[in-house]
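The values are calculated or read from the model by the stated rules, or taken from the named source; none is laboratory data. From a predicted model like this one, the values you see are computed outputs, not experimental measurements. Heads up, the Cβs are rebuilt from the backbone with ideal geometry, glycines too, and the neighbour counts pull from every protein chain shown. To get the accessible areas, we keep the full protein, side chains included, count just its heavy atoms, and leave off ligands, DNA and RNA. Shrake-Rupley method; radii C 1.70, N 1.55, O 1.52, S 1.80 Å.
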Amino acid sequence: MHNTKVRTLCECAILLALSIVLSYIKFFKLPFDGSITLFSMLPVCLIAIRHGIKWGLGTAFCFSWFQILQGGIFAWGLTPVMLISSLFLDYIAAYTVLGLAGIFRKKGFWGMLGGIALVCALRFLIHFLAGIILWANFEEFVAFGKEWINRPVLYSICYNGVYMLPETVLTVGVGAVLLKIPQIKKMILPTDK
């Protein structure tokens, strides 16, 4: 029992480190955070698929704190309320939700792939809500020009969609490929099946 937990913890640490490394490989970065990475969400999702939601949420929570440190949010000069709200919505909630990818893991290939797609959609939804609540009418953070002020829904959909749609397509696409390769599939399959 003890060796199993140590092994699981080591797998989580290795895949978390892989997610962190992949998050540095950016194809596109928006001015106020948000970027298209080399499927950096996928290793965290694979932890949730392999070991369940508990381990997935723990790993994703750690990943969220790394994203806070990498994001540069502290350099923006936000009020304390905006800073705390942004930390919670744009980072902790948005990245921790990746740990739910294993929710349908026992349903086979489509369940695992559906879990990955679901958490990507949930992450987009959280960023979208943060955009409406926090950023859409904040003149200093208008990325597309002054005409977007007072259009919070459209602004948030466009801003977050620019990076989350390609990031989701990459993550789900590579996840589908990995889950189809027999040798990799054996390594990813849930441990408590």
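Residues that are modelled with pLDDT of 70 or more and among the basic types (K, R) were ranked within the range 106-156; the one that is most open to solvent (accessible area, probe 1.4 Å) is K107.
For (1) more than 29 Å from C158 (Cβ to Cβ); (2) in contact with a helix residue (DSSP H, G or I) (Cβ under 9 Å, 6 or more places away or on another chain), each residue gets a yes or a no:
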residue	(1), (2)
N3	yes, no
I14	yes, yes
A17	yes, yes
I20	no, yes
K26	no, no
S35	no, yes
M41	no, yes
H51	yes, yes
W55	yes, yes
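All but one of (1) over 18 Å from L69 (Cα atoms); (2) touching an Asp or Glu at 6+ places or on another chain (Cβ under 8 Å) hold for I53; state the number of the condition that does not hold. Only one criterion is unmet by I53, namely (2).
So is S40 part of a loop (DSSP other than H, G, I, E, B) and within 15 Å of the chain's Cα centre (by Cα) or not? Answer is yes for this residue.
Quick one: is G108 over 22 Å from S23 (Cα atoms) and of a type in the set (G, A, S)?
On the way: over 22 Å from S23 (Cα atoms): yes; of a type in the set (G, A, S): yes.
The answer is yes for G108.
State which residue is modelled with the lowest pLDDT when the search covers only the range 16-39 and only residues that are out of contact with any Lys or Arg (no Cβ under 9 Å at 6 or more places or on another chain) and polar (S, T, N, Q). Spell out the reasoning first.
First, the residues of the range 16-39 that are out of contact with any Lys or Arg (no Cβ under 9 Å at 6 or more places or on another chain): 16-34, 39.
Adding the requirement that they be polar (S, T, N, Q) leaves 19, 23.
Numbers: S19: 96, S23: 92.
By that ranking, first place goes to S23.
Condition first: touching a residue at least 40 places away in the same chain (Cβ under 8 Å), in a helix (DSSP H, G or I) and not polar (S, T, N, Q). Can you find one or more residues in the range 19-27 that meet it? Taking every residue of the range 19-27 in turn, at least one turns out to be touching a residue at least 40 places away in the same chain (Cβ under 8 Å), in a helix (DSSP H, G or I) and not polar (S, T, N, Q).
When the residues of the range 60-91 are filtered to those that are farther than 20 Å from K29 by Cα and at pLDDT 95 or above, which remaining residue is most open to solvent (accessible area, probe 1.4 Å)? Here the residue is F61. Here S64, S86 are screened, and the one residue that is in contact (Cβ under 8 Å) with a residue 40 or more places away in the chain and part of a helix (DSSP H, G or I) is S86.
Do the conditions hold for A94, that is, is it open to solvent by less than 20 Å² (accessible area, probe 1.4 Å), free of Cβ contacts under 8 Å to residues at least 40 places away in the same chain and either farther than 29 Å from I132 by Cα or part of a helix (DSSP H, G or I) (or both)?
Values: open to solvent by less than 20 Å² (accessible area, probe 1.4 Å): yes; free of Cβ contacts under 8 Å to residues at least 40 places away in the same chain: yes; either farther than 29 Å from I132 by Cα or part of a helix (DSSP H, G or I) (or both): yes.
It is true that A94 is open to solvent by less than 20 Å² (accessible area, probe 1.4 Å), free of Cβ contacts under 8 Å to residues at least 40 places away in the same chain and either farther than 29 Å from I132 by Cα or part of a helix (DSSP H, G or I) (or both).
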